[in-house]
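Following: one structure in structure tokens, then a few remarks.
The values are calculated or read from the model by the stated rules, or taken from the named source; none is laboratory data. Being a predicted model, the structure only gives us computed values, none of them experimental. Positions of Cβ are generated from backbone atoms using ideal geometry, with glycine treated the same way; all protein chains shown enter the neighbour counts. Ligands, DNA and RNA are stripped out before the accessible areas are found, and what is left, the full protein with its side chains, is counted by its heavy atoms. Shrake-Rupley method; radii C 1.70, N 1.55, O 1.52, S 1.80 Å.
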Amino acid sequence: GAVVSQHPSRVICKSGTSVKIECRSLDFQATTMFWYRQFPKQSLMLMATSNEGSKATYEQGVEKDKFLINHASLTLSTLTVTSAHPEDSSFYICSARYRNGNTIYFGEGSWLTVV
Amino acid sequence: TQLLEQSPQFLSIQEGENLTVYCNSSSVFSSLQWYRQEPGEGPVLLVTVVTGGEVKKLKRLTFQFGDARKDSSLHITAAQPGDTGLYLCAGAQGGSEKLVFGKGTKLTVNP
């Protein structure tokens, strides 16, 4: 299957700082990527849809000024958590639509811990 | 309201047993995907079904998409400890790029 890679896999940051998570489609171009958040023992919660060359579409209740998404190229989307707080600690996962079809592949996920 | 209802939520069985996980909705989906996720990792795609009534097999796993494209099932034959994980169904509705996820089925296969 296609490969989607996230970096970093784990990051610890201090409260009040910003942290950036990258999502790359390694062997295909992705005009659409998605960012999810997952709490322990729960399913995935969609945060936003990232569209190459345009602004991201955020789900209701997700602060766009706090979770900045940039989809600057067809193989890279980034999620920046700004002014991070301990409650932002979570598992963040990205996914990418494969060749605009029905199949969506996920990255390995990124653990964020805010201390 | 959960758009995709998965059942059971938890399932603990012995090695060698068979099991079925269900994914139901009152809405029609243009496609439905099944993923398996292990703790601390991203979901891994198992299968995509797009045609009503479609049946796909992946070794000991059999996936079925309902005729009306509102429901799906995953059947595992002779489960093994390596099948342990969180199974997620996710559906895409026509015209929408977003995947809607079920809450998942946490499967534990005991040796």
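Over all residues in B:96-102, what is the mean tally of Cβ atoms on other chains that come within 10 Å of each residue's Cβ?
Whole-number average of other-chain Cβ neighbours for B:96-102 is 5.
If you look for lysine pairs in chain A that are eight or more places apart or on different chains, how many of them have Cα atoms under 24 Å apart?
Here the count comes out as 7.
Apply the Karplus curve 6.51 cos²θ - 1.76 cosθ + 1.60, θ = phi - 60°, to the phi angles in the range B:68-82 and return the couplings in whole Hz, x for Gly and Pro.
Couplings: 8, 6, 10, 8, 8, 9, 10, 10, 10, 9, 6, 4, 10, x, x Hz.
Applying the Karplus parametrisation 6.51 cos²θ - 1.76 cosθ + 1.60 with θ = phi - 60° to the phi angles of the range A:80-88, what ³J(HN,Hα) value in whole Hz is obtained for each residue in order, glycine and proline being reported as x?
Result, rounded to whole Hz: 10, 8, 9, 6, 5, 10, x, 6, 7.
Taking square-rooted eigenvalues a ≥ b ≥ c of the alpha carbon gyration tensor, is the range A:1-76 rounded, prolate or oblate, where a/c under 1.5 means rounded and, failing that, a/b exceeding b/c means prolate?
Rounded shape, in that the Cα axes give a/c under 1.5.
Considering every pair of different Cα atoms, what Kirkwood radius, in Å, is found for the range B:56-111?
12.9 Å
Once you place label points 7 Å from the Cα toward the Cβ at B:A68 and B:E38, how far apart are they in nm?
3.8 nm
Find, among the trypsin sites (Lys or Arg not before Pro) in the range B:28-111, those assigned to loop by DSSP (not H, G, I, E, B) with at most 14 other beta-carbon atoms within 10 angstrom.
Details: sites: B:R36, B:K56, B:K57, B:K59, B:R60, B:R69, B:K70, B:K98, B:K103, B:K106; in loops: B:K59, B:R60, B:R69, B:K70, B:K98, B:K103.
Qualifying residues, ordered by number: B:K59, B:R60.
Roughly how large is the B-A contact in terms of buried accessible area, totalled over both chains, probe 1.4 Å, nearest 100 Å²?
Interface between B and A: roughly 1500 Å².
Work out from phi, with θ = phi - 60° and the Karplus expression 6.51 cos²θ - 1.76 cosθ + 1.60, the ³J(HN,Hα) of each residue of the range A:44-55, listed in order in whole Hz, and give x for Gly and Pro.
3J(HN,Hα) across the range A:44-55, in whole Hz: 7, 10, 5, 9, 6, 9, 9, 10, 4, x, 9, 6.
Using a cut-off of 20 Å between alpha-carbon atoms, which lysines can reach B:K57, once sequence neighbours fewer than 8 places away in the same chain are excluded?
Within the straight-line limit of under 20 Å, B:K57 reaches these lysines: B:K70.
Between B:T108 and A:Q42, with labels modelled 7 Å along Cα→Cβ, what's the label distance in nm to one decimal, could you check?
2.2 nm
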